[in-house]
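Where a number appears in this text, it was derived from the coordinates with a stated rule and is not lab data. These numbers come from a predicted model, not from an experiment. FYI the Cβ positions are ideal-geometry reconstructions off the backbone, even for glycines, and counts take in every protein chain you see.
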Amino acid sequence: MIANNQNPFIAGNWKMFKTIPEAVELVKALKEKSPEFNDAELVVIPPFTALSEVKKVIEGSTIKLGAQNLFWEEQGAFTGEVSAPMLKDAGCQYVTIGHSERRQYFDETDETVNKKIRAALAYELYPIMCLGESLEEREKGKTIDKVESQINSGLEGLGSEEISKIIIAYEPIWAIGTGLTATPAQAEEVHSFIREKLVEKYGKKTASCAIILYGGSAKPDNTYSLLKENNINGALVGGASLKADSFVQIAKEAIKAYKEKK
Ligand code: 13P
């Protein structure tokens, strides 16, 4: 089980949206179109309550399932939490970890991110580790420092074999849900820094295969220019993943950009 970036990776983080019937309706619409996306890795990340029903719908298609969070213990008296084996059992292959909304509203830290990544890997779930700077940090010229410290702490103690199973999502906080998108040049600057950092820490082979996603108001009309950048391997999409049409359009733009840069 090794991640690679031969095809664009497009994941829809549905956040706290969609009842079970709404989730099923959306994923059915995506499944209908999925033969058009053989050249992309398409992942849907519904809320916990919809995982099992969404899993039933995507059976037999190329669409994959992810969850939005986990707790690092396997089981126990941890009311309200969900563990890695439970997500595996529900049919997940991916799990987002350390999303900025979780860091902001639920006190997640780089230390808890590291524990969650380890728990995910122990159950063969691919972690999608999210990181990124606030507007204030960007304005103070601290973007790279912030990203560097999140990588160093979030991935602490992990070796290159483990890193080859981790997806990194750069999500500048000021671009999430705001309609503001990082320009391709702004995003590429951070993505190339992340890849260089991976080279330095884990070697060229691991770093060159790593999947580094962009997230933050990714839309059909900005996906192409973002994914044309050398170090942008896909998108973690919030709002625009809640409608089949826009998510499908993003996947098409991603495939087009990827084919041109190959
Ligand atoms: P938006 O695409 O709604 O800005 O959300 C991005 C995000 O947070 C994905 O995880």
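Run down Val43, Val24 and say which single residue is β-branched (Val, Ile, Thr) and surrounded by fewer than 20 Cβ atoms within 10 Å (Cβ to Cβ).
Sole residue among the options that is β-branched (Val, Ile, Thr) and surrounded by fewer than 20 Cβ atoms within 10 Å (Cβ to Cβ): Val24.
Can you name the residue in region 216-234 that is more than 8 Å from the ligand (Cβ to nearest atom) and not in a helix (DSSP H, G or I) and, of all such residues, is surrounded by the fewest Cβ atoms within 10 Å (Cβ to Cβ)? Don't jump to the end; show me each part of the working.
Step one: list which residues in region 216-234 are more than 8 Å from the ligand (Cβ to nearest atom), which gives 220-234.
Going one step further and asking which of them are not in a helix (DSSP H, G or I), we end up with 228-234.
Working: Lys228: 16, Glu229: 19, Asn230: 10, Asn231: 20, Ile232: 27, Asn233: 28, Gly234: 30.
Filtering region 216-234 for residues that are more than 8 Å from the ligand (Cβ to nearest atom) and not in a helix (DSSP H, G or I), the one surrounded by the fewest Cβ atoms within 10 Å (Cβ to Cβ) comes out as Asn230.
Need at least 1 residues that are without any contact (Cβ under 8 Å) to a residue 40 or more places away in the chain, under 20 Å from Ala235 (Cα atoms) and among the basic types (Lys, Arg) per element, so show me which strands (runs of 3 or more DSSP E) inside region 1-117 make the cut, counting only ones lying wholly within it. Lay out the reasoning, then the answer.
Values: elements: 9-13, 41-45, 64-67, 94-97.
It comes to 64-67.
I'd like the residue in region 157-198 that is over 23 Å from Cys209 (Cβ atoms) and in a helix (DSSP H, G or I) and, out of all such residues, is nearest to the ligand (Cβ to nearest atom).
Ranking the qualifying residues of region 157-198, first place goes to Ala175.
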